[in-house]
Structure formats: structure tokens, C-alpha cells
1. Checking Trp176 against (1) more than 28 Å from the chain's Cα centre (by Cα); (2) assigned to a loop (DSSP other than H, G, I, E, B); (3) buried (at least 19 other Cβ atoms within 10 Å of the Cβ), which single condition isn't satisfied?
2. Tell me whether the range 471-488 contains one or more residues that are among the small types (Gly, Ala, Ser), at pLDDT 70 or above and at positive phi.
3. For the range 224-263, how many residues are surrounded by fewer than 22 Cβ atoms within 10 Å (Cβ to Cβ), among the acidic types (Asp, Glu) and in contact with a strand residue (DSSP E or B) (Cβ under 7 Å, 6 or more places away or on another chain)?
4. Within the range 463-511, track down each residue that is closer than 17 Å to Ala365 by Cα and surrounded by 24 or more Cβ atoms within 10 Å (Cβ to Cβ).
5. Based on this model, can you work out whether Tyr333 counts as among the aromatic types (Phe, Trp, Tyr) and surrounded by fewer than 24 Cβ atoms within 10 Å (Cβ to Cβ)?
6. Find the residue count for the range 192-210, including only residues that are surrounded by fewer than 21 Cβ atoms within 10 Å (Cβ to Cβ) and farther than 21 Å from Val278 by Cα.
7. Right, Thr367: of a type in the set (S, T, N, Q), within 24 Å of Ala307 (Cα to Cα) and out of contact with any helix residue (DSSP H, G or I) (no Cβ under 9 Å at 6 or more places or on another chain) or not?
Amino acid sequence: MMGEDNVPQPQSSVCIRCLPILMCSPTSSPRHPSPLLPPPHSLSLPLLLKSLSRSGSRTKMWSYWAAVAPPPHAFRRKRVKSMALRLLFLFLSLSAIYADEGAYIGVNVGTALSNMPSPTMVAALLKSQQIRNVRLYDADPAMLAALTNTGIRVTVSVPNEQLLAVGQSNATAANWVARNVVAHVPAVNITAIAVGSEVLTALPNAAPLLVPALRYIHSALVAANLDGVIKVSTPHSSSLILDSFPPSQAFFNRTLEPVFVPMLKFLQSTGSYLMLNVYPYYDYLQSNGIIPLDYALFRPLPPNKEAVDANTLLHYTNVFDAVVDAAYFAMAYLNVTNLPVVVMESGWPHKGDPTTEPDATTDNANTYNSNLIRHVINSTGTPKHPGVSVPTYIYELYDEDLRPGVTSEKFWGLFDANGVPAYTLHLTGSGMLLANDTSSQTFCVAKEGADEKLLQAGIDWACGPGKVDCSLLTQGKPCYDPDTVEAHASYAFNEYYHGMGMAVGTCHFSGVAAITTTDPSHDSCLFSGSGGRNGTVLNGTSLATSPNSTSSTSSDAHSFYQSKVVLQIVEALLSGLVFL
């Protein structure tokens with residue numbers, strides 16, 4: 001169990017000296033300051049906030065980090081037109097294996113689609129992909145009926161527009177629970193109620209009603225004898241966390257403490273958890289190149305590029321962990337040290353305006369979500385609490401074409417309205433078993449028009465340190481022609497990609513490589529993955545499935561403190577499996 005944290009008091013002026021990535025820099029003002037924030041000059045590391053309601057755009061948080069990092073890759077990733085449309089995706093085995101330890105992945109189900117699938121179709125998709133945890137943005141009776149007897153763990157929501165009534169009347173809250181929860185359990189496996197969505201930032205005028213609404217809903221559950229199996233909480237934007245880096249200095253917006261403190265005490269007393277929405281995409285987007293793309297995508301960083309908290313000397317290799325730890329430290333500052341965090345929304349858009357949103361690509365969405373899922377399911381934890389799981393819900397199941405805003409707002413889904421996967425999700429090394437191996441074969445090729453010097457450097461590395469057999473590229477061999485740097489790079493890149501089991505991050509090569517489902521083989525030159533030819537999968541077995549997998553529900557949030565011994569045994573058993 002976590003002990004009390006010695007949390008430094010927030011300071012008005014702090015100079016961080018750690019590794020070269022962190023250095024003292026002038027405070028810069030956020031582009032879009034929130035009216036809830038203190039003036040920028042009062043923060044040593046100003047936080048850029050933007051809060052929008054669920055009915056408009058999701059609340060996001062951007063922050064400028066006191067870090068000097070290399071700019072994002074000069075070669076922006078082009079949208080791979082032929083990106084795979086088969087999603088390799090299974091949540092059941094993960095939930096079943098890790099459920100009792102508190103580690104699981106869920107999916108948000110939004111409904112802002114012009115051609116919204118019927119509830120039975122949604123349930124069928126969830127079952128076919130064996131997704132075992134979902135969050136609904138309401139408590140639609142037809143959707144709940146479709147989820148009857150599926151065993152899927154469901155979080156239902158009190159929409160923001162209903163918060164006023166629920167927060168003002170115990171009777172109204174009791175009626176809401178009777179109609180939307182009691183009427184459906186136990187046939188529907190409802191495990192949590194999300195009261196509102198980002199109320200403190202989206203509807204600040206309703207803030208005084210939030211804690212009463214939580215208490216009224218919980219009282220209704222107590223009366224129905226359901227409080228032991230259904231938790232009550234409310235999702236928050238991570239923009240509530242000020243001075244989010246270094247995490248040890250983070251604190252919640254003090255103007256909201258009259259609401260936030262009793263809310264945390266309520267969550268603590270009822271055995272619930274803090275619901276938090278985390279979007280590294282927006283942190284990266286608004287940092288103007290200060291945050292490296294690799295840092296946002298969970299890609300490996302050399303030690304001298306990791307962000308270091310000068311107060312704790314904890315190393316941060318990704319934005320997600322830094323934000324979650326900032327929440328832990330901010331709670332500790334308010335003397336709350338044993339409350340779990342569940343991330344209710346996190347994801348990456350797979351499409352955006354190519355001019356203004358060049359990093360909203362299928363490749364980046366694939367990389368982020370794949371790495372996030374692996375990170376969560378392996379119970380990696382965070383630097384502050386290693387081994388402590390952070391259950392996370394991917395945003396989102398479907399692309400929502402009716403969402404307002406920029407192009408990328410409409411393309412966060414894993415599937416389109418017809419249930420066609422948006423991209424291939426690679427989960428190598430995660431211990432994930434595949435529900436349906438319906439994946440189209442993928443290949444790693446050189447990007448058209450890429451810089452030839454970078455392509456040649458990639459060839460040299462793949463055929464050298466990368467240990468690719470490039471003998472077929474020599475004169476007189478099947479893959480020598482066409483004798484161009486781009487053609488040879490495609491062969492070398494693909495051999496390395498398949499040799500590494502098509503793992504996330506192995507088709508990058510300084511940004512000049514891309515994944516495609518178009519077979520680049522020609523004449524007698526067969527690329528790995530083409531037809532009967534398969535690349536060598538290192539340290540494991542490719543596309544292994546488990547016909548004996550069974551479902552399991554995860555424990556309540558108080559299983560926050562896991563049995564690491566069991567986890568290590570499970571991970572050891574799974575360490576030999578490589579799933580693509």
C-alpha cells in the first residue's frame with residue numbers, strides 16, 4: 001500500500017536542472033488560457049488548457065514542458081492510403097488473465113454517428129472482438145438490453161444535461177438509479193456509474209452540484225444493496241492539474257478545491273477511484289515541438305532524452321505516465337494517497353487535415369494505442385507507482401462523423417460505422433491472444449519521395465546492425481532490380497520489420513518508412529509476408545490463439561494494490577508469445 005508522500009509545495013518560480021532535456025527556460029504564456037487558471041506568470045511551468053464539453057469537443061489538456069528536446073521528425077508521416085483494414089484486437093484474454101490484478105483495457109462507445117449501428121450490432125461487434133469493458137455516455141435502455149447476459153463490464157453515465165436534476169434531488173437520483181441500473185442488473189454487468197463528464201471544466205457553473213449528485217447516486221445504490229459491486233465516480237479533464245511537470249510539483253486548480261477535496265474524500269470513503277481523461281496527442285500538438293513525437297507515442301527514448309523529475313529523480317519515458325503521476329502527486333498534496341486512477345479516455349486520431357494535423361495518421365494511432373494497451377495490460381505502472389495498474393478506456397469504438405470541430409475530431413475510432421477496422425493494431429509482446437485472425441498481411445516499405453540519404457542510411461543499418469540478409473539485393477539476384485534506393489530500402493525495411501515480428505516501432509527508419517497492405521513483391525523477388533513466405537518471428541510465436549480462453553470480470557478498484565508475484569508468473573508464462 002502506498003504510504004504518505006512528501007510532496008513539495010508548489011513554488012512560484014522553479015528552475016529544474018536534470019538531464020540535458022530539462023533546462024531553465026523563460027515562462028511562456030498559453031495560447032488559450034482558461035478562465036479557471038491563475039495568470040500564466042504565477043506558474044513556473046505554465047499549463048496550457050482548453051476545456052470543451054462532451055457535446056462539443058472532448059476536453060483536452062496541453063502543457064508546455066520545461067524541456068528542450070529535438071523537434072519532431074522532419075519527415076512527417078503521410079497517411080498510408082493502403083493501411084490495413086483488419087484490426088488484430090482482443091480484450092477478453094487480457095481481462096481474463098489480469099482481471100484480478102486490476103489491469104484491463106476498455107473502450108468508449110460514442111453515438112455521434114450519422115449512421116449509428118443498432119445496439120444489437122454494437123453488442124455483436126464487442127462480442128466478436130471480445131471487448132470486455134465498455135463505457136457508455138448515457139444509459140440507453142436499448143443498448144443495455146443488447147448487452148444483457150454478455151458478461152461485458154459496463155460503465156453507464158449520467159449525462160451532463162441530467163446533472164442538474166440529479167444533483168438537486170435525492171429522489172430524482174434514486175429514480176435515475178432505479179430506471180437505468182436496478183432495472184438491468186444483474187443481467188447487465190454494470191460495474192460503475194460516471195456522473196457527468198468533465199463537469200468542472202465543461203460546466204463550471206454546475207460544480208456545486210457534482211458532489212451532491214455523487215452522494216445521491218451512491219445512496220440509491222446503497223438502498224438497492226448494489227454499492228458493493230457498482231462504483232460511482234466522475235471523469236475529469238487532466239487540464240485540472242496545474243504545473244503538471246515535474247509531476248512531483250503538480251497540484252489541482254486551487255479555485256476548485258472546495259469541490260475537489262470533498263469529491264476525493266467521497267471517492268476514498270466509498271472505495272471508488274479517480275476518473276481521468278488523458279490525451280498525449282494534444283500535449284504533443286500544442287508543445288510546438290518541445291515534446292518529441294516519440295515521447296507521446298511510447299516509443300523508446302535514449303536515457304539522455306528522458307524527462308527527469310528533479311525532486312524525485314524519477315525518469316519519464318512517455319507523456320501518459322507523467323500525466324498520471326501528476327494526478328497522484330496532486331492528490332497527495334491534498335492528503336489523498338491511496339486512491340486509484342482509472343483513465344476513462346485516451347487515444348489518438350487516425351486521420352486529420354494533412355496540412356494542419358499531419359500527425360493524425362493511422363500509423364501514429366496504431367503506434368499509440370498498441371503501446372498504450374501493452375503498457376496497461378503488462379501492469380507496468382508509472383514511475384511513481386511501478387507495478388500498480390492504471391485501467392484505461394480507449395477513445396473510442398467508432399469514428400463519430402457528426403462531431404464538430406477540426407477534421408481529426410471525427411476520426412478517433414477503432415472502427416467505422418460499418419464495423420470495418422480503421423487500421424491494424426499491432427500488439428507484439430503484450431501477451432495478447434487474438435480473437436479473430438482476420439488481418440491482412442502488412443509490409444514495411446519506403447515512403448514515396450523520401451530523402452535518399454535517409455533511405456540509404458536505413459538500408460545500411462538494416463543490412464548491418466539490423467542483421468537483415470540483404471544478399472538478394474546484390475547484382476544478379478532476384479531483388480536487385482529495380483536498382484533504386486527506394487526499391488532496395490523497401491526490401492531491407494520489410495525484412496527487418498518481419499524479422500522483428502512486425503512489432504510497433506520497427507517500421508520507422510527516421511520517418512521514411514510506412515506500413516502498407518499492398519504486397520511490394522515483384523517478379524521473382526518475394527518480400528517476407530508475401531504468399532507462403534514468412535519472416536522470422538524472433539523470441540516467440542506469431543498469431544497464436546487460445547481456443548480455451550474464458551471471460552472474467554476484473555476486481556473492484558480497491559484491487560489497486562496488486563499481487564506482483566502473480567503478475568510476474570503470468571508475464572513469465574506469456575513472455576514467449578509474440579502477437580502481431
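1. (2)
2. Yes.
3. Final tally of qualifying residues: 0.
4. Those that are closer than 17 Å to Ala365 by Cα and surrounded by 24 or more Cβ atoms within 10 Å (Cβ to Cβ): Met502, Val504, Cys507.
5. yes
6. Residues flagged as surrounded by fewer than 21 Cβ atoms within 10 Å (Cβ to Cβ) and farther than 21 Å from Val278 by Cα within the range 192-210 amount to 3.
7. When the stated conditions are applied, Thr367 passes them.
Conditions tested, residue by residue: (1) under 21 Å from the mean Cα position of the chain (by Cα); (2) hydrophobic (A, V, I, L, M, F, W, C); (3) modelled with pLDDT of 95 or more; (4) within 21 Å of Ser389 (Cα to Cα).
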residue: Pro212; (1), (2), (3), (4): no, no, yes, no
residue: Tyr216; (1), (2), (3), (4): no, no, yes, no
residue: Ala220; (1), (2), (3), (4): no, yes, yes, no
residue: Leu240; (1), (2), (3), (4): yes, yes, no, no
residue: Ser244; (1), (2), (3), (4): yes, no, no, yes
residue: Glu257; (1), (2), (3), (4): no, no, no, no
residue: Leu264; (1), (2), (3), (4): no, yes, yes, yes
residue: Met275; (1), (2), (3), (4): yes, yes, yes, yes
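The values are calculated or read from the model by the stated rules, or taken from the named source; none is laboratory data. Everything numeric in this text was worked out from a predicted model, so none of it was measured. Neighbour counts are summed over all protein chains in view; Cβ atoms, including those assigned to glycine, are modelled from backbone coordinates with ideal geometry.
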